[in-house]
């Protein structure tokens, strides 16, 4: 499916997060947990920055280079994981995220990339 | 929902109302609907007269004679007829063809087909700005070279090739020269009485005429022979059989007539609009023009934006009807092969958009485009991770 056809397939929630991304950060404090996944040559690059206190994410921020789905998934996840424990973040349900954002099957890799970035941010932590 | 600002005239143009009005006269019972091949009655002969008048109009824009114009279904068919037709007819002379990597797919895929039939094809890589140096063509020529095919204006980046020089070179080596002029006819001056071109492809729908009609110029002096692709009836001097679509042909003729009348004024106006557009979007920073900025068709601009991803860019700019790559290849979602051939890295090739202005583009359209592009590129860069 080409770009033109896919434009018709952006769900309202994807468009909303693409147009008004939540929790975009300029940089990440040294005290925060940060992680990234992907590369520009792979077509998407996602970075998360998590402020964690007592094993709970108090604030999540992101930056992303990629398609509208990539940006929307990362933006949506920052809202979803705020207030959650680190261990919950490490076991996110891919089906649920894809379903919430009404992602077409060929865009599930955007969720996988975001999950990888979150795992990278939380690696070495165990609560 | 408000329709987007149309900036994709290189993909196709709306039919000029004057052309549509002309075409209407060739469809219904009260019009000239007869088969132009029906020479046995006056209605057919009348239709034939209009077909020949249109042939003259197309020839006039190209500086050709009417008998050198062969009707086809469009530039893709013209390219196929020119390249396959020449390769097949002159197969005994040689089986080597020279073209460029930045040609339209209608040329490249045709050459690939000929490779599968045993021809050898040399694909030249244009120099940085997208221009094929005639010396590259000279260096690639062999004793068995039968055809060189280089386009006039590139469909993605709009640069103008030195077809006069390449044609001269081909003539001096007794090699046929085909030129795909789908993007240049009516926009850039063409005078085949002075340009040594043997075969030239043109299209109706790029010049505010209808889709589904095109023409191939086949040089009469020196006389070029082609093996036809379509048989059945011997129309068009045996080169392209099939009932002539009078309404399409009359429309293309009228479109070419108007283009000839307005080429200077329109070119000047579009050049000014394009410069305004370029100057406006360049201020956002990190913008590069793909292809030589000076030697290009008046309304075409192809730019890449550093720090933004292609699909997001295109979606963010949906208020503008622009194109990523050419219309014929953008649906594949690959980075443009033309831009990659020019050495652009994949991520920059993918964040490139082609904006092509045309007859109905306005100053206000350009203002809107500048504002939207500046706003959206800045926004996407704010989100982007380096």
Hey, does segment B:47-61 have a residue that's more than 23 Å from residue B:211 (Cβ to Cβ), in contact with a strand residue (DSSP E or B) (Cβ under 7 Å, 6 or more places away or on another chain) and crowded, with 17+ Cβ neighbours inside 10 Å? no
In the set A:88, A:106, the lone residue that is surrounded by fewer than 19 Cβ atoms within 10 Å (Cβ to Cβ), in contact (Cβ under 8 Å) with a residue 60 or more places away in the chain and part of a helix (DSSP H, G or I) is A:106
Where in segment B:281-386 are there strands (runs of 3 or more DSSP E), lying wholly inside it, with at least 2 residues that are at pLDDT 95 or above and either surrounded by 15 or more Cβ atoms within 10 Å (Cβ to Cβ) or touching a strand residue (DSSP E or B) at 6+ places or on another chain (Cβ under 6 Å) (or both)? B:300-305, B:352-356
Contact list, first residue from segment A:41-58 and facing chain B (nearest Cβ under 10 Å), second anywhere and surrounded by fewer than 13 Cβ atoms within 10 Å (Cβ to Cβ), beta-carbon distance below 9 Å, six or more apart or interchain, is A:45/A:39; A:45/B:386
Residue among A:52, A:14 that is surrounded by 19 or more Cβ atoms within 10 Å (Cβ to Cβ) and over 13 Å from the mean Cα position of the chain (by Cα): A:52
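The values are calculated or read from the model by the stated rules, or taken from the named source; none is laboratory data. Model, not experiment: these values are computed from the prediction. Don't worry about glycine lacking a Cβ; one is built from the backbone with ideal geometry, like all the others, and counts go over all protein chains shown.
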